[in-house]
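Have a look at the structure below, then the notes.
Throughout, read-outs are computed from the coordinates displayed, never taken from laboratory work. Just so you know, these numbers come straight off a predicted model, no measurement behind them. Glycine gets a Cβ as well: all are built from the backbone with ideal geometry, and neighbour counts include every protein chain shown.
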Amino acid sequence: MSTPTPIAGPESRRKPEVQKEDAMWLQKELINKNYMELARARGEGRKVSATFVPGNLNELLMCFDFARSLPETNALQNGMRKKSGKFIMDAERDGQSEDVCTYVKADLGMMMGGEIGPTGDPLPTPDVLLLSYTGCFTFMKWFELIRHKYGCETVMLHVPYQGDGKIAPNMRDYVVKQLQENVIPTLERVSGVKFDIDRLREYMKESQKAEEDLVAVLQSAKNRPSPIDGYFGAVYYIGPIFTAFRGTPEATQYYRVLRGEIEQRVREGKGPVTPEGELAEEKYRLVVEGPPNWTSFRDFWKMFYDEGAVVVTSTYAKVGGVYDFGFRHDPDRPLESLAEYCLGCYTNLNLPSRIDMICKYIEEYQADGLLINSIKSCNSFSAGQLLILREVEKRTGKPAAFIETDLVDPRYFSAANVKNRLESYFQMIKQKRTAAAH
Amino acid sequence: MSVKAIVDRCEALFEDLNFQAVKDWKAAAPGRKAIGYMPVYVPREIIHAAGMLPVGILGGGDQLEVIQGDAYYQSYICRIPRSTIELGLTGRLDCLDGMLFPSICDVIRNLSGMWQILFKDKYVRYFDVPQEYRDAVGGAYYVHELEILRDDLGRLRGRPVTDDELRAAIGVYNENRRAIRDLYAFRARTPWLAPTAEVYLVLRAGMVLPVDEHTRLVRDYIAAASAADRPRRDNARVVVTGVFCEQPPLGLIKSIEMAGCYIVDDDFMLVTRWLLEDVPETGNPLEELSRAFLHHSASTSAKYDARREDKGKFLLEQVRTRGAEGVVFAAPSFCDPALLERPMLQDVLAKHGIPYTAFKYAENTGQMAPIREQAGTFADSIKLWSAA
Ligand code: SF4
Ligand code: SF4
């Protein structure tokens, strides 16, 4: 899954005199800090964990002092730095099929090149793989492949799928039991640190605060104009909370500052900031389903802001946790709440729930329609998206459109095709509006 | 009955995309219901215990023209969900009163939600299985899942499913598993008497026939094929793996055999051989089914290998116990489970000096020549190797 955490932000073009409090500056610092921690881990005798973004148990991993790597984030970083193409081909030469998820191949290809991460700093082979098996079957194969090749200790956390569109008590109990009887003892053994549930509670208190502020930021897009882009901009916002920082005071501070900035923009009636400055006029408001393309991220974004299109909200901004319908980490029920967090991730929702969520978004964010970016790599997101499109169109009466790209395989981004599709989609929205006005 | 008569009957069942056999079974008594299921495993015992007919749905094969189904899927998704949707939308699955979508991959998982939307009046369930194998953890979860299925089906028929009914169902499925174990052993012993194209059809018949009838059919086939006079060839003995979900066309199976390979084991329709031992017919039936799943079940990509050293063990066992000389990896195009598993299995085989070859297919693959050639070269190389 397509994990958010590009380093630096749309405003990274700002002059170096940016203020320390500036949210983007903080975000950049955070993400870089994590790569530095990983780079120093071996020297400091610190153990390294790896886990996936959906259902990542960051608060729990912190209880054992792990330096924390997120392979999807590494893959996307390599994608943005134009390194993933080579890694994918290296992995294919090593026996991986051209048909399978490119995140896996980008990661395996990177590991084949030695212990060097996306930033060029050392990235140690993990001591433990926490296989949070949430919302994607490929995760299981991914860590089995790493375990097979590098012998890393692997601990499974099986998170049942919400096939009926709800979390049954049996599902939650199963996850909690695995945490108690398998995950925690394994993490204790690998790290040599004893589990302290009060420490977990403290982290979760921080998570709550950050979650509260994140939701305020994402929902600010209900304003007209929207002060943020809920897809291209949001991937920066969700970076810290969906990765190694949820539960830290730094993340809490980041989201507080970010919220302050965004609320200020609302008061000033400003639109989102793009890599080329503030968007002058909001012409289209879209909801997007599916992860972005990383290899041509800026070009992709430009196709939107050049036309005055703002993504007011996206399902992708919920891959690492759906917070906007009320879920918060709960320090009073720490393990149960970790279980509910894992169970509630976006790709762990069934198709009818995903459709409901999108329809709700279109209504609440007063969007003009739905755009699906269908990712070749990702069966978890993509299988069924054409039905999602039909159903959402049927239920909302708003036009929907479909484009196809990939996450980190540059061979699957056809700029001309995507641009054409988008232009005709914007045209269609315009026509619908004119028709409605007459 | 002659081999030909048995195989002809199975072939007719296989080719019938209108599931007449299911309709006939339902029509034979009032109130009968049928429940469809997809790969890779569901406990058919529970369906049977509810007095219903479990029906294995394995896509549309190479005879179905997929028109509507293609509108639901991008080009980079495998074939089986689109042909299954085609079967549904063209009314061919109207004879089913429900569908189970087992935990195998994200495509089938998401198809369960699509089914809920497209076929609102049917019973639809995503059937999850544990990836944690302790009785108190994965087992407790799984027993609960089994209970839900039991309760749902009880409601569907209007009468709860009793423990005795479940125990009886376990009994008839034990019989069926024994027969299929015998069939597989028979084929491995004398593969020239039981070509896989036939064994496959006999297994496929079990997807639509009531279990006891199928058990008889398997026994009849073994008896008839044992007595047949068929020439023994100097073929290479291979295990075919990766065919656990979307099915290759029958012509492809025949091509592998015609190219000089005896298929002595495979992972076709694992549901028929998922539980490796008899399930106790006494005691708490759901707990027994759970224990069988957790501790005595087959292995496939959709099931987590708890330890690194477990990877490939099942395949190695297939090779060893069947006296195979090589492995053919056949995977559906775009099948993440089969294709991501493959490099690990290949590595294990390489470490054990077991030769292999690999190709991809789709259920509607039309061109057999390249596969025949590849399988032929593989068979030749095995023979050269063993002669050297
Ligand atoms: S299949 Fe999708 S969710 Fe799974 S690892 Fe790949 S990109 Fe992520
Ligand atoms: S063929 Fe493979 S990817 Fe397709 S539905 Fe079956 S298991 Fe899933």
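List of remarks:
- Among residues of region B:100-131 being under 15 Å from B:L146 (Cα atoms) and within 18 Å of the chain's Cα centre (by Cα), the one that is farthest from ligand 1 (Cβ to nearest atom) is B:L100.
- Members of region A:58-111 that are over 16 Å from A:S377 (Cα atoms) and among the basic types (K, R): A:R68, A:R81, A:K82, A:K83, A:K86, A:R93
- Here region B:36-68 is the region considered, the condition is being within 14 Å of chain A (Cβ to nearest Cβ) and within 13 Å of ligand 2 (Cβ to nearest atom), and the residue that is farthest from the chain's Cα centre (by Cα) is B:M38.
- The criterion of at least 2 residues that are more than 16 Å from ligand 2 (Cβ to nearest atom) is met, among helices (runs of 4 or more DSSP H) falling completely within region A:311-426, by A:334-343, A:351-364, A:385-396.
- Residue satisfying condition, being within 13 Å of A:S314 (Cα to Cα) and not in a loop (DSSP other than H, G, I, E, B), within set A:L258, A:L218, A:L214: A:L218
- You will find that of A:H158, A:H148, the residue that is under 21 Å from the mean Cα position of the chain (by Cα), more than 13 Å from ligand 1 (Cβ to nearest atom) and at the interface with chain B (Cβ under 9 Å from one of its Cβ atoms) is A:H158 and no other.
- Reported count of residues in region B:33-77, each being within 16 Å of ligand 1 (Cβ to nearest atom) and either farther than 24 Å from A:S377 by Cα or among the aromatic types (F, W, Y) (or both), is 2.
- The residues listed here are B:F293, B:F314, B:F268, B:F334; of these, the one that is within 16 Å of ligand 1 (Cβ to nearest atom) and among the aromatic types (F, W, Y) is B:F334.
- Subset of region A:368-409 [among the acidic types (D, E), more than 8 Å from chain B (Cβ to nearest Cβ), away from ligand 1 (no atom under 16 Å from the Cβ) and touching a helix residue (DSSP H, G or I) at 6+ places or on another chain (Cβ under 6 Å)]: A:D368
- The selection criterion, being within 10 Å of another protein chain (Cβ to nearest Cβ), in contact (Cβ under 8 Å) with a residue 12 or more places away in the chain and surrounded by fewer than 17 Cβ atoms within 10 Å (Cβ to Cβ), holds for B:A306.
- Qualifying residue in region A:286-300 (condition: more than 16 Å from ligand 2 (Cβ to nearest atom), among the polar types (S, T, N, Q), surrounded by 24 or more Cβ atoms within 10 Å (Cβ to Cβ) and part of a strand (DSSP E or B)): no
- Residue tally, condition within 14 Å of A:S49 (Cα to Cα) and not in a strand (DSSP E or B), over region A:141-171: 6
- Here B:W274 clears all of (1) within 16 Å of ligand 2 (Cβ to nearest atom); (2) touching a helix residue (DSSP H, G or I) at 6+ places or on another chain (Cβ under 6 Å); (3) away from chain A (no Cβ under 11 Å); (4) not polar (S, T, N, Q) except the condition numbered (2).
- Filtered residues of region A:304-328 (kept if within 16 Å of ligand 1 (Cβ to nearest atom) and on the phi < 0 side of the Ramachandran plot): A:S314, A:T315, A:Y316, A:A317, A:K318, A:V319, A:G320, A:V322
- Residue check, B:I80 within 16 Å of ligand 1 (Cβ to nearest atom), of a type outside the set (D, E, K, R) and under 19 Å from the mean Cα position of the chain (by Cα): no
- Region B:305-323, residues that are within 18 Å of B:D347 (Cβ to Cβ) and part of a loop (DSSP other than H, G, I, E, B): B:D305, B:R307, B:K311, B:G312
- Scan of region A:49-104 for residues that are part of a loop (DSSP other than H, G, I, E, B), within 15 Å of ligand 1 (Cβ to nearest atom), over 24 Å from A:V155 (Cα atoms) and not hydroxyl-bearing (S, T, Y), ordered by number: A:E98, A:D99
- Candidates B:A136, B:A71, B:A140: the one that is under 30 Å from A:I372 (Cα atoms) and facing another protein chain (nearest Cβ under 9 Å) is B:A71.
- Restricting the search to helices (runs of 4 or more DSSP H) fully inside region B:40-151 and requiring at least 2 residues that are within 22 Å of A:P169 (Cβ to Cβ) gives B:106-118.
- Residue that is surrounded by the most Cβ atoms within 10 Å (Cβ to Cβ) [pool: residues in region B:309-354 that are of a type in the set (K, R) and under 23 Å from A:C101 (Cα atoms)]: B:R342
- Considering residues of region B:18-35 that are touching a strand residue (DSSP E or B) at 6+ places or on another chain (Cβ under 8 Å) and of a type outside the set (A, V, I, L, M, F, W, C) only, the residue nearest to ligand 2 (Cβ to nearest atom): B:K33
- Of all residues making up region B:69-97, the number that are away from ligand 2 (no atom under 16 Å from the Cβ) and of a type in the set (A, V, I, L, M): 4
- Checklist (1) within 16 Å of ligand 2 (Cβ to nearest atom); (2) buried (at least 20 other Cβ atoms within 10 Å of the Cβ); (3) of a type outside the set (V, I, T); (4) free of Cβ contacts under 8 Å to residues at least 40 places away in the same chain applied to B:F359, failing item: (2)
- Of the residues B:Y173, B:Y184, B:Y126, B:Y221, the single one that is within 14 Å of chain A (Cβ to nearest Cβ) and either crowded, with 21+ Cβ neighbours inside 10 Å or not charged (D, E, K, R) (or both) is B:Y126.
- Filter pass, A:V128 being aliphatic (A, V, I, L, M), at the interface with another protein chain (Cβ under 9 Å from one of its Cβ atoms) and in contact with an Asp or Glu (Cβ under 9 Å, 6 or more places away or on another chain): no
- For region B:187-210, a residue qualifies if it is assigned to a helix (DSSP H, G or I), surrounded by fewer than 20 Cβ atoms within 10 Å (Cβ to Cβ) and of a type in the set (S, T, Y), but none of them does.
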